[in-house]
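See structure below.
The values are calculated or read from the model by the stated rules, or taken from the named source; none is laboratory data. Everything quoted here is computed from the prediction, not taken from an experiment. Positions of Cβ are generated from backbone atoms using ideal geometry, with glycine treated the same way; all protein chains shown enter the neighbour counts. These area figures cover heavy atoms from the full protein model, side chains too; ligands, DNA and RNA do not enter into them. Shrake-Rupley method; radii C 1.70, N 1.55, O 1.52, S 1.80 Å.
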Amino acid sequence: MAATLRDVAEHAQVSVRTVSNVVSGYTHVSERMRTRVLAAIEELDYRPNPVARTLRTGRTGVLALVVPEIDLPYFAELAREVINAAADLGYRVMVDQTGHDHERERQLLTGADRTMLFDGVLFSPLVTRAELLEMQGASTMPLVLLGEHDFDGRYDHVAIDNVQAAADAVGHLVAVGRTRIAAIGAQPEESYATPQQRTTGYERALGAAGLPVDPALMRAAAHYRRADGYAAAASLLALPDRPDAIFCYSDLLAMGAMRAVFDAGLRVPEDVAVIGIDDIEEGRYSRPTLSTVSLDTPFIAREAVARIAARIADPDAPAVEVTAPHAVRARESTGAREG
């Protein structure tokens, strides 16, 4: 017969409630006790009954991860890390995407059936502001926000310091001797934070280096995809006084930009250095390998899952703001030898 919750408790010599807390991802369990229970679960091959748990606790053991586009490498890698981190706490993950659609975001957060499907939401919004979330009553669902918006401390938030990440990318280009540095990725018609913050970082780093901000070297990108990077870079390379470096707001933009440099009969990095942001796996195997700013996706996933588990356990706890670390990964596209 399949092992029960009580069997695990007896094997680990703890209470049934302690086993239940560990299985449910409750954070206020000592590490020693959690290790003992997890060992017993593995030895007995215990598998929680999801129906029984839902009836007993009102919880499903399922989290939702909502991202703008699952086919973008950054979000695909984030989803993988979230699924792994959630599994460590006994949760499964349902992944959905908004497609950059305001109404889709609202529906996913405020649909009448959402509380029946999952215990909490990890949400990476692009166009939804905190005021809309509060107006729609999204705060009734345990919620952790991912990304770069300013939510005024009203929600648990795992953020990226986009201003500094962009400044560090441009600072690296300055450090390798580039002086005419272009940027691809601005989205002046949009209200969400990522492109605005990365533009601020770009301009700040140029100012710190004593270089002018030249609007002729800045290109918008409707989407952060290879084709957008290619088109923007081709436009820059057609200038009478072309750039000697390009800072791209994402790695996919940078991959497209590098192709445009090659198609123009130029070399990366000898003629034009290129750097992106994200540190997607593709960039580590491209030729040349892509210099980038790594946003530490595993850290973001672990912190987000830890925050949602804590929020589920204590809905009234104060909101927590976490800023993920980042680091420049210098590779061949800016002249570094290491891959």
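Side notes on the structure shown:
- Any chance Ala330 is in contact (Cβ under 8 Å) with a residue 24 or more places away in the chain, more than 23 Å from Gln196 (Cα to Cα) and in contact with a Phe, Trp or Tyr (Cβ under 8 Å, 6 or more places away or on another chain): no
- So Ala222, is it of a type in the set (A, V, I, L, M, F, W, C), more than 22 Å from Glu281 (Cα to Cα), touching a residue at least 24 places away in the same chain (Cβ under 8 Å) and surrounded by 22 or more Cβ atoms within 10 Å (Cβ to Cβ): no
- Note on region 177-219: residues that are open to solvent by 50 Å² or more (accessible area, probe 1.4 Å), farther than 16 Å from His100 by Cα, part of a loop (DSSP other than H, G, I, E, B) and touching a residue at least 12 places away in the same chain (Cβ under 8 Å) total 2.
- Residue match in region 264-284 (condition: small (Gly, Ala, Ser), open to solvent by 10 Å² or more (accessible area, probe 1.4 Å) and either more than 24 Å from Pro142 (Cβ to Cβ) or free of Cβ contacts under 8 Å to residues at least 12 places away in the same chain (or both)): yes
For every residue, the table says whether it meets (1) more than 19 Å from the chain's Cα centre (by Cα); (2) among the aliphatic types (A, V, I, L, M).
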site	(1), (2)
Gly147	no, no
His157	no, no
Asn162	no, no
His172	yes, no
Ala216	yes, yes
Tyr224	no, no
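- When residues of region 236-263 are limited to those that are of a type outside the set (A, V, I, L, M, F, W, C) and not in a loop (DSSP other than H, G, I, E, B), the one most open to solvent (accessible area, probe 1.4 Å): Arg259
- Selection within region 150-176: residues that are open to solvent by 20 Å² or more (accessible area, probe 1.4 Å), in a loop (DSSP other than H, G, I, E, B) and not small (Gly, Ala, Ser). The member of this set that is modelled with the highest pLDDT is Val176.
- Of the candidates Ala306, Ala301, Ala313, the single residue that is surrounded by 24 or more Cβ atoms within 10 Å (Cβ to Cβ) and more than 23 Å from Ala183 (Cα to Cα) is Ala301.
- Among residues of region 285-298, those that are crowded, with 20+ Cβ neighbours inside 10 Å and of a type in the set (Phe, Trp, Tyr), counted: 0
- Among the residues making up region 316-333, a single one is open to solvent by less than 30 Å² (accessible area, probe 1.4 Å), part of a strand (DSSP E or B) and under 30 Å from Met258 (Cα atoms): Ala324.
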